[in-house]
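Each remark here refers to the structure printed beneath this line.
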Amino acid sequence: MQNWLIVGLGNPGPEYAKTRHNCGFRALDVLAEKLGCRVDKGKFQGLYNQVSYKGNKLYLLKPLTYMNLSGQSVKQLAAFFHIPAQNIIVMFDDISLEPGRLRIRADGSAGGHNGIKSIISCIGSQDFPRVKIGVGAKPHPDYDLANWVLSNFTASEEKDLSSALDRAADAALCIIDRGVPESANRYNGSKP
């Protein structure tokens, strides 16, 4: 039996709920629903819950620190429940993937994502699995990145996203069940 932490990244507050940057929160809600729980207990500078899954203890976490300080919340929960970096799965938005696509990675740099940068800095490791959820690239190079990730999806993008959030939740469980390489083979690349 192992302890796992699955983190969905986003910003708290209704004004951010449907933005591109909040895909991680939304994917975590889908996962919680699949596992029959709600992420609604306040502690560790976030909302969390714990659920049993195939003999493992899963901790689901939404940091409420705002994106750029996400690592503070992750570090507190991981330290409290003795969860090693390789058992921390982070779901988050990726502007290099079109809406609807996923990319599973075992580890790596922050790639310019401030939430991931904060987690790496706080836990002192970049060796944690990620489920990247495509949110699309900026419409043109001069477009402000913050404005882009804090914008809402179009109606047609929302359709693609809905399927991607469901697959992201499944991918997080697949990482626990079968490891990162098989999960990457199954979920990376094309849309369903």
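The values are calculated or read from the model by the stated rules, or taken from the named source; none is laboratory data. Bear in mind that the values here come from a model prediction, so they are computed numbers and not experimental data. As a convention, Cβ positions derive from the backbone with ideal geometry for all residues, glycine included, and neighbour counts pool all protein chains shown. Ligands, DNA and RNA are excluded from the accessible area calculation, which covers all protein heavy atoms including side chains. Shrake-Rupley method; radii C 1.70, N 1.55, O 1.52, S 1.80 Å.
If one takes the longest principal axis of the Cα atoms in the chain, at what angle in degrees, from 0 to 90 and to the nearest 10, does the Cα axis of helix 155-178 lie? Compared with the principal axis, the helix lies near 30 degrees.
Could you tell me the convex hull volume per residue, in Å³, taken over the Cα atoms of the chain? Can you show the working numbers first?
Working: hull volume 20.5 nm³, N = 192.
Spread over its residues, the Cα hull of the chain gives 107 Å³ apiece.
Accessible surface of Val180, taken over heavy atoms with a 1.4 Å probe and every protein chain present, rounds to 30 Å². Summarising the label geometry, the points placed 7 Å from Cα in the beta-carbon direction at Tyr143 and Asn3 lie 4.1 nm from one another.
Local charge sum around Ser73 (other residues, Cβ-Cβ under 12 Å, Lys/Arg +1, Asp/Glu -1)? Once all neighbours under 12 Å are counted, the net charge is +3.
The long axis of helix 23-34 is offset from the longest Cα principal axis of the chain by roughly 50 degrees.
Please list Phe81, Phe25 in order of solvent-accessible area, largest first, computed with a 1.4 Å probe with all protein chains present.
Details: Phe81 40, Phe25 20 Å².
Final ranking, largest accessible area leading: Phe81, Phe25.
Tell me, in nm to one decimal, what length is gained between Glu98 and Leu150 on full extension, where the rule is 0.36 nm per residue of separation less the Cα-Cα distance?
Working: separation 52, 0.36 × 52 = 18.72 nm, distance 1.60 nm.
Gain in length upon complete extension: 17.1 nm.
Arg26 contributes about 40 Å² of solvent-accessible surface, heavy atoms of the protein only, 1.4 Å probe.
Looking at segment 1-88, what % of its DSSP beta bridges pair antiparallel, to the nearest 5? If you can, show how the numbers build up before the last one.
Values: 11 of 17 bridges.
Beta bridges within segment 1-88, antiparallel portion: roughly 65 percent.
Could you compute the net charge surrounding Ala106? Neighbours are other residues with a C-beta less than 9 Å from the C-beta of Ala106; K and R count +1, D and E count -1. Once positives and negatives cancel, what remains is 0. Placing a pseudo-label 7 Å from each Cα along the Cα-to-Cβ vector at Tyr53 and Asp177 gives an inter-label distance of 1.0 nm.
Counting only alpha carbon atoms, the long axis of helix 70-80 and the longest principal axis of the chain meet at about 10°. Computed in the context of the full set of protein chains, the accessible area of the chain at 1.4 Å probe radius has 49% of its extent on carbon or sulfur. About its Cα centre, the dipole of segment 62-192 is roughly 220 debye, where the only charges are +1 on Lys and Arg Cβ and -1 on Asp and Glu Cβ.
log10 I(q)/I(0), Debye, Cα-only segment 1-66, no solvent, q = 0.16, 0.20, 0.24 Å⁻¹? The calculated log intensity ratios at q = 0.16, 0.20, 0.24 Å⁻¹ are -0.49, -0.74, -1.01. Looking at segment 74-192, the accessible area is 47 square angstrom per residue; that uses a 1.4 Å probe and ignores ligands, DNA and RNA.
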